[in-house]
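The values are calculated or read from the model by the stated rules, or taken from the named source; none is laboratory data. Keep in mind that this is a model prediction, so the values were computed, not measured. Neighbour counts run over all protein chains shown; Cβ positions are idealised from the backbone, glycine included. Accessible surface areas use protein heavy atoms only, side chains included; no ligands, DNA or RNA. Shrake-Rupley method; radii C 1.70, N 1.55, O 1.52, S 1.80 Å.
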Amino acid sequence: MSQIATLSILARRKAWNTFCDTGDIDRLQHLPPHIAASWQRSRECGVDPGLREIPVEPAPTIYAGRTKQLDDAAGQVLSLLEQEIEAASILVILIDNKGTVIQRGGNLAMLRLADTINVVPGAIAAEHIGGTNGCGSALLLRDIMPVDLYEHYCEGFFEWSDVGAPLIHPMTHELLGVIDLVRWKQPLAPELTLLAKTTAHNIQSTLYEWDQRTHRTLAEKFTRYDTKHSGPALAVDSNGLIVTANDACARWLKMEPQQLRGRAISDIRQFGLELPETITQSGYGEKGTEIALEGHDKKALLEPIRLEGETAGVFITVPRSSVSRHKRGGPAKIHRWDSRYTFNDIVGEDPSFRAVLELAQKAATTDLQILVCGETGTGKELVAHAIHDASPRAAGPFVTVNCGAIPEELIASELFGYEKGSFTGASTTGKPGKFALANGGTIFLDEITETSFAFQVALLRVLQDGEVIPLGAEHPVAVNVRVIAATNCNVDDLLEQRKFRSDLYYRLASISLELPALRDRVTDIELLVDHVLRKNDCHIKLDAEAASALRQYPWPGNVRELAMVLDNAALIATNEIIGLSDLPVRVAQAHASPNRVGSKNSDGSCSLREQEYNALCIAIESHHGNVQKIASALGLARSSLYRRVKKFGLEPRLQGARQRR
């Protein structure tokens with residue numbers, strides 16, 4: 001929009017006074033049309049022209065789905081402009097499509113000025129709340145919105161000039177939010193408008209690149225996924241757009257595959273599937289979720305796909321047997337020897353944990369034996385299931401054996417089988433062992449270090465020769481089985497104490513995976529809490545004290561203990577809030593009030609650099625090294641926070657704060 005007239009500050013102030021007194025828009029013919037129209041809308045919405053602070057939501061929103069993508073994309077782009085923005089004393093504001101501030105940036109002086117009018121994460125900058133302003137009005141109009149000083153509707157913002165640029169999703173054309181560039185006590189300048197347009201374009205380009213990369217990855221994964229299904233199947237991204245579909249799906253819908261790609265699945269009416277607004281907020285967190293297809297006597301199976309810890313899309317299949325299964329009532333039964341989990345079912349973003357999972361995913365593509373180590377409750381069996389599911393043996397059986405639960409005298413017959421009449425009490429028909437049942441697939445030997453030396457010798461022979469000899473049999477039986485073993489013991493100690501055979505260890509541990517304890521991945525607790533409660537279909541939340549206790553408790557039983565504690569707490573909690581009193585005493589006692597670190601030199605004698613350093617130190621200690629919370633408290637993107645931590649050499653302090661939690 002172009003400004004058709006330039007008014008002096010006094011003239012604009014007089015125009016504002018006149019409009020506030022009379023509401024007569026006809027007397028504002030010298031104002032730019034877009035400003036005059038916005039003032040009229042603000043008055044009709046009942047916005048207080050004397051407003052001096054932007055209202056803030058009582059509880060800050062937890063951002064997910066498209067909003068989080070926008071937040072991350074903006075953070076990446078703004079990190080490249082950080083020096084330019086700070087040097088020019090520009091305040092950057094990012095709002096979502098509801099008008100809520102989700103990110104801000106600028107030098108410390110600008111951030112402090114923003115605090116005086118409540119421009120903080122969680123503030124509502126929509127035009128119907130905050131009157132005429134660059135970001136809120138651009139959101140409403142879906143267009144560039146320059147607002148100069150006294151052109152703001154609310155008196156509290158007369159010292160600010162800003163330009164809001166809308167952010168449109170490059171593939172769905174949905175309005176995602178607005179990027180707003182703001183200056184204090186400076187009139188609008190053409191370069192600010194140009195920078196706002198360029199920044200918006202770069203954010204949209206980043207989103208497009210991410211979506212294209214995600215589409216390529218989903219398509220690659222779908223190629224392998226599709227080989228397991230003979231019925232219609234397709235992949236949909238987190239925006240509800242079809243990435244790819246198999247020939248069976250195209251034939252079923254009587255369309256060409258290329259006609260499906262890039263279409264919103266909700267537009268394919270003959271499919272009959274209405275997904276939620278965003279897959280990432282759908283709650284379809286578990287593999288095998290069923291959803292009815294409108295107009296069909298069928299149900300579709302949904303499998304959410306996670307990439308880098310985020311739900312990137314969903315694979316949808318329509319099993320050929322779904323009609324008969326629907327008529328019988330109830331879902332199809334999972335075969336006793338099928339794997340039940342994939343890597344998408346494993347929750348955790350801790351770097352050390354993700355590194356183990358990445359190695360496990362690479363190992364899955366090989367046929368090497370694997371030893372999974374970790375304390376009880378860290379998810380060893382879950383990882384074993386996922387490895388099998390991602391392996392070339394996925395179509396074969398996955399057989400689990402808890403070696404520690406089988407008496408020593410029975411373990412050989414249990415694993416290798418026996419012929420009829422081979423011992424007193426034996427079945428008259430004999431019985432195949434677990435290795436025979438796992439033929440063509442994978443056998444998971446949990447608590448392998450609990451076995452006797454005699455059994456270890458027999459197992460070593462199976463691994464070496466690829467055959468088993470059932471009890472009472474005269475000839476060996478060939479088996480083609482991959483072995484994944486697990487232990488919660490320190491194998492090095494057992495080898496040194498000669499309680500576990502070294503030759504068997506070297507056979508089993510072609511690849512060794514060491515799962516970290518939960519106390520070593522505290523940043524994952526919040527994710528795990530959300531996953532457990534959502535899995536149990538709970539709408540319960542934790543209060544601050546309970547959440548603090550969960551972070552500080554050492555969790556000797558790891559994720560299994562955490563799930564048990566949450567199940568019990570959810571059962572006894574009132575008002576859908578888990579408090580400290582709902583937790584077991586041992587967990588509740590771990591809660592300790594954080595030490596408060598007071599700021600100093602409040603008289604302003606510190607330099608700007610010293611003030612910034614102090615602000616960082618206080619935030620690090622107050623939020624126990626939680627990067628997301630520190631960034632939110634300071635109104636910074638995470639990339640900007642990391643840069644400032646490095647700038648001041650505060651990495652050890654950040655790490656120490658994490659360890660003290």
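Please state which of the following conditions N118 fails to meet, knowing it meets all the rest: (1) farther than 26 Å from F19 by Cα; (2) touching a residue at least 60 places away in the same chain (Cβ under 8 Å); (3) under 29 Å from the mean Cα position of the chain (by Cα).
(1)
Is there a residue in the stretch 493-510 that is at pLDDT 85 or above and under 29 Å from V627 (Cα atoms)?
no
One residue is enough: does the stretch 625-633 have a residue meeting the conditions at pLDDT below 75 and either assigned to a helix (DSSP H, G or I) or more than 18 Å from E86 (Cβ to Cβ) (or both)? Can you show your working first?
Residues of the stretch 625-633 that are at pLDDT below 75, as a first pass: 632-633.
From what is left, the residues that are either assigned to a helix (DSSP H, G or I) or more than 18 Å from E86 (Cβ to Cβ) (or both) are 632-633.
So far as the stretch 625-633 goes, yes, one or more of its residues are at pLDDT below 75 and either assigned to a helix (DSSP H, G or I) or more than 18 Å from E86 (Cβ to Cβ) (or both).
Taking P584, is it under 19 Å from R658 (Cα atoms), surrounded by fewer than 16 Cβ atoms within 10 Å (Cβ to Cβ) and not charged (D, E, K, R)? So that I can check it myself, show each step before the final result.
Details: under 19 Å from R658 (Cα atoms): no; surrounded by fewer than 16 Cβ atoms within 10 Å (Cβ to Cβ): yes; not charged (D, E, K, R): yes.
Judged against the criteria, P584 is not a match.
Just to be sure before I move on: is A360 among the aliphatic types (A, V, I, L, M), modelled with pLDDT of 90 or more and over 30 Å from E474 (Cα atoms) in the structure I sent?
yes
Of all residues being touching a residue at least 60 places away in the same chain (Cβ under 8 Å) and assigned to a helix (DSSP H, G or I) in the stretch 16-42, which is farthest from M145 (Cα to Cα)? Just the residue, please. Break it down stepwise before answering.
Restricting attention to the stretch 16-42, the residues satisfying the condition of being touching a residue at least 60 places away in the same chain (Cβ under 8 Å) are 16, 31-32, 34-35, 38-39, 41-42.
Filter again for assigned to a helix (DSSP H, G or I), leaving 16, 34-35, 38-39, 41-42.
Working: W16: 19, H34: 8, I35: 9, S38: 10, W39: 13, R41: 15, S42: 15 Å.
Here the residue is W16.
Give the stretch 183-195 a look and list any residue that's in contact with a strand residue (DSSP E or B) (Cβ under 7 Å, 6 or more places away or on another chain) and open to solvent by 10 Å² or more (accessible area, probe 1.4 Å), or say none.
Our first condition is that a residue be in contact with a strand residue (DSSP E or B) (Cβ under 7 Å, 6 or more places away or on another chain); within the stretch 183-195, this holds for 183-184, 186-188, 192-193, 195.
Result: R183, W184, Q186, P187, L188, T193, L195.
Please state which of the following conditions D446 fails to meet, knowing it meets all the rest: (1) within 17 Å of G466 (Cα to Cα); (2) open to solvent by 10 Å² or more (accessible area, probe 1.4 Å); (3) modelled with pLDDT of 90 or more.
Just one mismatch for D446, condition (1).
Can we say P166 is in a loop (DSSP other than H, G, I, E, B), free of Cβ contacts under 8 Å to residues at least 60 places away in the same chain and of a type outside the set (K, R)? Step through it out loud before you land on a result.
Numbers: in a loop (DSSP other than H, G, I, E, B): no; free of Cβ contacts under 8 Å to residues at least 60 places away in the same chain: yes; of a type outside the set (K, R): yes.
Spelling it out, it is not the case that P166 is in a loop (DSSP other than H, G, I, E, B), free of Cβ contacts under 8 Å to residues at least 60 places away in the same chain and of a type outside the set (K, R).
Checking R104 against (1) among the charged types (D, E, K, R); (2) surrounded by fewer than 22 Cβ atoms within 10 Å (Cβ to Cβ); (3) in contact with a helix residue (DSSP H, G or I) (Cβ under 8 Å, 6 or more places away or on another chain); (4) more than 30 Å from D21 (Cα to Cα), which single condition isn't satisfied?
That leaves (2) as the condition not met.
Restricting attention to the stretch 107-126, which residues are in contact with a strand residue (DSSP E or B) (Cβ under 7 Å, 6 or more places away or on another chain), among the β-branched types (V, I, T) and surrounded by fewer than 23 Cβ atoms within 10 Å (Cβ to Cβ)?
Those that are in contact with a strand residue (DSSP E or B) (Cβ under 7 Å, 6 or more places away or on another chain), among the β-branched types (V, I, T) and surrounded by fewer than 23 Cβ atoms within 10 Å (Cβ to Cβ): V120, I124.
Can you tell me which residue among A458, A454, A412, A485 is in a helix (DSSP H, G or I) and under 27 Å from G377 (Cα atoms)?
Numbers: A458 fails: under 27 Å from G377 (Cα atoms); A454 fails: under 27 Å from G377 (Cα atoms); A485 fails: in a helix (DSSP H, G or I).
Going through A458, A454, A412, A485 in turn, the sole match is A412.
Considering only residues that are of a type in the set (S, T, N, Q) and either open to solvent by 10 Å² or more (accessible area, probe 1.4 Å) or closer than 24 Å to N626 by Cα (or both), which ones fall in the stretch 338-390?
S339, N344, S352, Q361, T365, T366, Q369, T376, T378
Tell me yes or no: at least one residue of the stretch 197-212 is small (G, A, S), modelled with pLDDT of 75 or more and part of a helix (DSSP H, G or I).
Initially, the stretch 197-212 is screened for residues small (G, A, S), giving 200, 205.
Next, only the ones that are modelled with pLDDT of 75 or more stay: 200, 205.
Narrowing the set further to residues that are part of a helix (DSSP H, G or I) leaves 200, 205.
Looking for residues that are small (G, A, S), modelled with pLDDT of 75 or more and part of a helix (DSSP H, G or I), one finds at least one in the stretch 197-212, hence yes.
If you scan the stretch 461-472, which residues turn out to be open to solvent by less than 30 Å² (accessible area, probe 1.4 Å) and assigned to a loop (DSSP other than H, G, I, E, B)?
Within the stretch 461-472, G466, P470 meet the criteria.
Working only within the stretch 527-574, note down all residues that are part of a helix (DSSP H, G or I), surrounded by 15 or more Cβ atoms within 10 Å (Cβ to Cβ) and β-branched (V, I, T).
V529, V532, V559, V565 - these are the residues of the stretch 527-574 that are part of a helix (DSSP H, G or I), surrounded by 15 or more Cβ atoms within 10 Å (Cβ to Cβ) and β-branched (V, I, T).
Being within 25 Å of A264 (Cβ to Cβ) and modelled with pLDDT of 65 or more, is that true of even one residue in the stretch 339-357? First the steps, then the outcome.
Of the stretch 339-357, the ones within 25 Å of A264 (Cβ to Cβ) are 344.
Remaining after also requiring modelled with pLDDT of 65 or more: 344.
Yes, there is a match, as at least one residue in the stretch 339-357 is within 25 Å of A264 (Cβ to Cβ) and modelled with pLDDT of 65 or more.
What pairs can you find where one residue is in the stretch 43-57 and of a type in the set (G, A, S) and at pLDDT 85 or above, the other is part of a loop (DSSP other than H, G, I, E, B) and buried (at least 18 other Cβ atoms within 10 Å of the Cβ), and their Cβ atoms are less than 9 Å apart, with a gap of 6+ or different chains?
Partner pairs satisfying both residue conditions: G50/C154.
So how many residues does the stretch 457-471 have that are touching a helix residue (DSSP H, G or I) at 6+ places or on another chain (Cβ under 9 Å) and more than 12 Å from R507 (Cα to Cα)?
As a first pass, look at the stretch 457-471 and keep what is touching a helix residue (DSSP H, G or I) at 6+ places or on another chain (Cβ under 9 Å): 457-460, 462-464, 467-471.
The next check asks that each one be more than 12 Å from R507 (Cα to Cα); those that pass are 458, 467-471.
Total satisfying the criteria: 6.
Select, from V457, V477, the only residue that is surrounded by 16 or more Cβ atoms within 10 Å (Cβ to Cβ) and on the phi < 0 side of the Ramachandran plot.
Values: V457 fails: surrounded by 16 or more Cβ atoms within 10 Å (Cβ to Cβ).
Result: V477 is the single residue among V457, V477 that is surrounded by 16 or more Cβ atoms within 10 Å (Cβ to Cβ) and on the phi < 0 side of the Ramachandran plot.
Run down T214, T206, T198 and say which single residue is surrounded by fewer than 18 Cβ atoms within 10 Å (Cβ to Cβ) and either touching a Ser or Thr at 6+ places or on another chain (Cβ under 6 Å) or among the β-branched types (V, I, T) (or both).
Details: T214 fails: surrounded by fewer than 18 Cβ atoms within 10 Å (Cβ to Cβ); T206 fails: surrounded by fewer than 18 Cβ atoms within 10 Å (Cβ to Cβ).
From the options T214, T206, T198, the qualifying one is T198.
For every residue, the table says whether it meets (1) within 18 Å of I90 (Cβ to Cβ); (2) of a type in the set (G, A, S); (3) crowded, with 24+ Cβ neighbours inside 10 Å.
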| residue | (1), (2), (3) |
| --- | --- |
| H128 | no, no, no |
| C135 | yes, no, yes |
| R142 | no, no, no |
| H152 | yes, no, yes |
| F157 | yes, no, yes |
| G164 | yes, yes, yes |
| P170 | no, no, no |
| L175 | no, no, no |
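For the stretch 185-194, check the following and say yes or no: at least one residue is assigned to a strand (DSSP E or B) and of a type in the set (K, R).
From the stretch 185-194, those assigned to a strand (DSSP E or B) are none; that's our starting set.
Checking the stretch 185-194: not a single residue is assigned to a strand (DSSP E or B) and of a type in the set (K, R).
For residues in the stretch 217-238 being open to solvent by less than 60 Å² (accessible area, probe 1.4 Å) and at pLDDT below 75, which is farthest from L175 (Cα to Cα)?
Of all residues in the stretch 217-238, those open to solvent by less than 60 Å² (accessible area, probe 1.4 Å) come to 217-219, 222, 225-226, 231-238.
Filter once more, so that each one left must be at pLDDT below 75: 225-226, 231.
Working: Y225: 33, D226: 34, G231: 36 Å.
Ranking the candidates gives G231 first.
I'd like the residue in the stretch 634-653 that is under 21 Å from the mean Cα position of the chain (by Cα), in a helix (DSSP H, G or I) and modelled with pLDDT under 75 and, out of all such residues, is nearest to L113 (Cα to Cα).
The residue in question is S640.
What is the one condition in (1) open to solvent by 30 Å² or more (accessible area, probe 1.4 Å); (2) out of contact with any helix residue (DSSP H, G or I) (no Cβ under 7 Å at 6 or more places or on another chain) that G430 does not satisfy?
For G430, the failing item is (1).
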